[in-house]
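Inspection log for the structure reproduced underneath, given as structure tokens.
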Amino acid sequence: MREDSHVEVAHPPETMPIKLNLDPAKIMKASTLHVGKIEARGVPAILLGAAAIVLAAGAARAVLVGAPHLPDTIRELRGLLESNRGEPKRIGS
């Protein structure tokens, strides 16, 4: 093993890594979620927030997977709406 392969990094005081102390009790107490008339506090609020993030990621993935088929779907929807419009179509004789 070469001598220069081991490198130690010294941090001057102004660039020291930040120490972050988190108090789980304060985080859970401060976590509130309001959606319409529904209110959640503490752990349920955190779980609902995480579920919303997972749901949004799933929806975004579904849109990306279905994107190649979107023009066909829009064309079929337009045809369906035109057929149900209620205007009688005239048949040329």
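The values are calculated or read from the model by the stated rules, or taken from the named source; none is laboratory data. Bear in mind that the values here come from a model prediction, so they are computed numbers and not experimental data. Glycine also receives a Cβ, built like all others from the backbone with ideal geometry; neighbour counts cover every protein chain displayed.
If the Cβ limit is 7 Å and pairs must be 6+ apart or interchain, which residue in segment 30-42 that is under 15 Å from residue 52 (Cβ atoms) pairs with which residue that is in a strand (DSSP E or B) and of a type in the set (Lys, Arg)?
31/41; 32/41
So is residue 55 in a loop (DSSP other than H, G, I, E, B) and surrounded by fewer than 11 Cβ atoms within 10 Å (Cβ to Cβ) or not?
no
Is it true that residue 64 is modelled with pLDDT of 85 or more, assigned to a helix (DSSP H, G or I) and surrounded by fewer than 10 Cβ atoms within 10 Å (Cβ to Cβ)?
Yes, satisfied.
Any residue at all in segment 37-44 that is part of a helix (DSSP H, G or I) and at pLDDT 85 or above?
So far as segment 37-44 goes, yes, one or more of its residues are part of a helix (DSSP H, G or I) and at pLDDT 85 or above.
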